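Read the structure below first, then the notes.
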Amino acid sequence: MSIDPTPNPDRPFDAIIVGGSYAGLQAAMLLARARQRILVIDAGQRRNRFASASHGLLGRDGMEPGAIAAEGKAQLLAYPDVQWLDASAVYATGSHDNFLLRTDAGHELRARRLVLALGVVDELPPVEGLRERWGRSVFHCPYCHGFELQQGRIGVLANGELSMHHALMLPDWGQVTLLTNDTFVPSVEQTVALAERGVAIVTGAVDRISGIATVEMADGRTLDFDGLFAATRIRIASPLPEQLGCEFEDTPMGAIIRTDALKATTVPGVFACGDAARMMHSVPLALGDGALAGVATHRSLLFD
């Protein structure tokens, strides 16, 4: 279902959800079930579009991520008060009960509440061959992809302190080697902790990734792995939070939108959920976040 390109400005939506991936779909579902008049604006760029399967989601374990999102969208659009717009929201302003959004397609849309389910962009370490394998044999979440490596050989490509966390977690999923890549030097205490977990350490710069997950070192060494893990830096995939005046919170991965326990941002009437508003990222966590944001947004419409 698409919207009228010239909607009535005197009848704003109860809520506009910006982002139609997992968190946005879940927030929209609960608002739709509360019989609110809502609009979902989606640019069609799911963060996990590179992965062939999504794991850890009860009832959908191992399904193709796009199929999960498509099924959710179809179920959402069966509700009578839901509209959907394939576009990018590029500008937002306004305040409680009176927000204005503009899209790259020229729409001007008003809403009483906003739910920002914007997602994030992963900034990968600058290693040749890494991006082409992202989501296929190079991963960021052990809970999402670790089991499928069948306790095999796992490399952790260091990219700062967060890589230490990866290296200490991953021995539960396989035989782990930390590749320092001239970007991270474990302290004496960290080296002891790694040894206690059975983690090998390989120093030196990584030149490129080839094959499934073969690491070619700058000094000519070649190391074969069944999968690699790499911590990324993230950036929020939209200028809207800054335009609205939302506050941000720094994390080891990058800035996220600051929210309270009910997913309200620091701007009254604006809620945020999913990867742009939490440090830990996965489909199940995004769905839970979206559910909370949807309920909180409805409560705000009733009581604030």
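What follows draws every value from the coordinates through simple rules; no lab data is involved. Quantities reported herein were computed from a predicted structural model and do not represent experimental measurements. Cβ atoms come from the backbone with ideal geometry, glycine included; neighbour counts cover every protein chain shown.
Over all orientations, region 125-230 has a Cα convex hull whose mean projected area works out to 5.8 square nanometres.
Computed from the C-beta positions of D224 and E249, the FRET efficiency with R₀ = 41 Å rounds to 0.55. Once the Cβ-Cβ distance between T93 and M169 is put in as r, and R0 is 35 Å, what FRET efficiency do you end up with, to the nearest 0.05? E between T93 and M169, to the nearest 0.05, is 0.25. For the chain, the residue among V127, V185, W84 whose Cα projects farthest onto the positive side of the dipole built from Cβ charges is W84. Taking a Cβ cut-off of under 13 Å around G135, the surrounding Lys, Arg, Asp and Glu residues balance to a net charge of +2, with basic ones at +1 and acidic ones at -1. Excluding R153 itself, calculate the net charge of residues whose Cβ lies under 9 Å from the Cβ of R153, where each Lys or Arg counts +1 and each Asp or Glu counts -1. Net charge in that neighbourhood comes out at -2. Per-residue packing, averaged as other Cβ atoms within 10 Å, sorts the ranges 297-303, 138-144 into the order 138-144, 297-303, beginning with the highest. Taking Cβ separations below 4.7 Å as the criterion for a possible disulfide partner, the isolated cysteines in the chain are C246, C273.
Spin-label pair Q151-A67: with each label point 7 Å from Cα along the Cα-Cβ axis, the two points sit 2.9 nm from one another. Each helix, a run of at least 4 DSSP H residues, gives -39500 (n - 2.57); summed and divided by the residues of the chain, these come to -7000 deg cm²/dmol at 222 nm. Computed with the Debye formula from one identical point scatterer per Cα of the chain, without solvent, the log10 of I(q)/I(0) at q = 0.09, 0.14 Å⁻¹ comes to -0.50, -0.99. The angle between the Cα long axis of helix 283-303 and the main principal axis of the chain comes to about 30°, on a 0 to 90 degree scale.
In a simple Cβ point-charge model (Lys, Arg +1; Asp, Glu -1; nothing else charged), region 125-230 has a dipole of about 180 debye relative to its Cα centre. With both labels modelled 7 Å from their Cα along Cα-to-Cβ, the R136 to L100 distance reads 4.6 nm. Around L292, with a cut-off of 15 angstrom between Cβ atoms, what is the net charge of the other residues, counting Lys and Arg +1 and Asp and Glu -1? Here the charged neighbours net out to +2. GNM on the chain, C-alpha springs below 10 Å: top fluctuator among E148, E64, E196? Evaluated over the chain, the most mobile residue of the options is E196. Using a 10 angstrom cutoff on alpha carbons, build the Gaussian network for the chain and name the most mobile of G288, G72, G198. Its mean-square fluctuation being the largest, the pick is G198. Amide H to amide H, with H built 1.01 Å from N, L57 comes under 5 Å of G62, counting only residues 5 or more places away or on other chains. Counting only DSSP beta bridges with both residues in region 125-230, the antiparallel share comes to about 30 percent. With R₀ set to 25 Å, the beta-carbon distance separating A78 from Q45 gives a calculated FRET efficiency near 0.55.
Net length available on complete extension from V188 to T214 is 6.5 nm, with 0.36 nm assigned per residue and the Cα-Cα distance removed. When the chain is treated as a Gaussian network with alpha carbon springs shorter than 10 Å, the biggest mean-square fluctuation among A28, A277, A51 belongs to A51. Among the trypsin sites (Lys or Arg not before Pro) in region 213-272, those located in a DSSP loop and surrounded by at most 13 other Cβ atoms within 10 Å of their own Cβ are R221. When its C-alpha radius of gyration is set against 2.2 N^0.38 Å (N residues), region 229-304 gives a value of 1.11.
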